[in-house]
Amino acid sequence: MKSEIRQKIRQSVVIVLLTCILLNAMAPMAVSAAEGTIKLSKNMISLGAGATEVVGVDYSSIPTGYADLAVVASDPAVAAVCMFDNGNGTAALAIGAIGKGTTTVAVYRTSNAAVVAYVTVRCGLAAKNQVYTEIAGDMVTTTYDDRIVQYPTILHGKNGASMVVSGIVIERERGLDKLCVSGQFVSGDSKLPGMNTFYANFYDFGGILLKRQAVYTRDPADYKVMKLEWFIPEGVATIILE
């Protein structure tokens, strides 16, 4: 339910940003030097809860000037953005953290969205090499320095399979991260006894669902402790377990 709500919130702005990305991918063929370029002083920032940072924007080569520029955040529930003209070919892009997660902010030409620059914004994440966990009702959020994992206290798999989560960790080895979840086995698949299926949803920095990935596991031998493992796709910022 929570992932569906988040998806609806960002649908309208994501469409705009996706258009920018797709057009930008064709930039070598579609954009001439006369169209100008947009340059940002930073391509990634990290903000604490409620913090604001200003990123410099250089649009001096844009022939139509500041009036042709627009800004959009792929997930407005994570960060609020606004831009102010300095009047000398530069502008100030103010980005404020209003939620937890990672989003992408794009500054682009309204007359040609292929002319675009991006900054990745990470809000409310843990300090480097730190991890912290918050519990709200039956939902748990574990925050790392580079991604967020959200999950209910009881995972509900396919056909009634379920487990109570007691431990979660991200193993990092040779660039291939793995999400490891352990807990108390409660009930198995009613239609396929002995084999259970659980799901994880992987979102990118813009809040777009990259993959809904199933993991299959047998009933634990001692009927107590169950272990689940997912390999994390590249570019994932948020993981939501069902």
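The values are calculated or read from the model by the stated rules, or taken from the named source; none is laboratory data. As the structure is a prediction and not an experimental result, all values here were calculated from the model. Using ideal geometry, Cβ is built from the backbone for each residue, glycine included, and neighbour counts are taken over all protein chains shown.
Might you let me know whether the stretch 127-136 holds any residue that is within 17 Å of residue 49 (Cα to Cα), at pLDDT 95 or above, of a type outside the set (D, E, K, R) and within 20 Å of the chain's Cα centre (by Cα)?
No, the conditions are met nowhere in the stretch 127-136.
Working only within the stretch 163-179, note down all residues that are out of contact with any Gly (no Cβ under 8 Å at 6 or more places or on another chain) and either of a type in the set (Gly, Ala, Ser) or part of a strand (DSSP E or B) (or both).
Here is the first cut: in the stretch 163-179, the residues out of contact with any Gly (no Cβ under 8 Å at 6 or more places or on another chain) are 168-179.
Once the filter is applied, which keeps residues that are out of contact with any Gly (no Cβ under 8 Å at 6 or more places or on another chain) and either of a type in the set (Gly, Ala, Ser) or part of a strand (DSSP E or B) (or both), the stretch 163-179 yields 168, 169, 170, 171, 172, 173, 175, 176, 177, 178, 179.
Mind checking whether some residue in the stretch 170-178 is surrounded by 16 or more Cβ atoms within 10 Å (Cβ to Cβ) and in contact (Cβ under 8 Å) with a residue 24 or more places away in the chain?
There is at least one residue in the stretch 170-178 that is surrounded by 16 or more Cβ atoms within 10 Å (Cβ to Cβ) and in contact (Cβ under 8 Å) with a residue 24 or more places away in the chain.
For the stretch 180-209, which positions are buried (at least 19 other Cβ atoms within 10 Å of the Cβ), over 24 Å from the mean Cα position of the chain (by Cα) and in a strand (DSSP E or B)?
183, 185, 196, listed by residue number.
Test of understanding: among 79, 92, 67, which residue is of a type outside the set (D, E, K, R) and at pLDDT below 95?
On the way: 92 fails: at pLDDT below 95; 67 fails: at pLDDT below 95.
So the residue among 79, 92, 67 that is of a type outside the set (D, E, K, R) and at pLDDT below 95 is 79.
Please specify each residue of the stretch 216-242 satisfying the condition of being outside any strand (DSSP E or B), small (Gly, Ala, Ser) and under 31 Å from the mean Cα position of the chain (by Cα).
Taking the stretch 216-242 as the starting set, the residues that turn out to be outside any strand (DSSP E or B) are 219-224, 232-235, 242.
If we keep only those that are small (Gly, Ala, Ser) as well, we get 221, 235.
Scanning the stretch 216-242 gives a single hit, 235.
In the stretch 191-218, how many are modelled with pLDDT of 95 or more and of a type in the set (Gly, Ala, Ser)?
2
With the structure loaded, tell me whether residue 149 is surrounded by 21 or more Cβ atoms within 10 Å (Cβ to Cβ), under 21 Å from residue 125 (Cα atoms) and touching a strand residue (DSSP E or B) at 6+ places or on another chain (Cβ under 6 Å) or whether it fails that test.
Numbers: surrounded by 21 or more Cβ atoms within 10 Å (Cβ to Cβ): yes; under 21 Å from residue 125 (Cα atoms): yes; touching a strand residue (DSSP E or B) at 6+ places or on another chain (Cβ under 6 Å): yes.
Against the criterion (surrounded by 21 or more Cβ atoms within 10 Å (Cβ to Cβ), under 21 Å from residue 125 (Cα atoms) and touching a strand residue (DSSP E or B) at 6+ places or on another chain (Cβ under 6 Å)), residue 149 qualifies.
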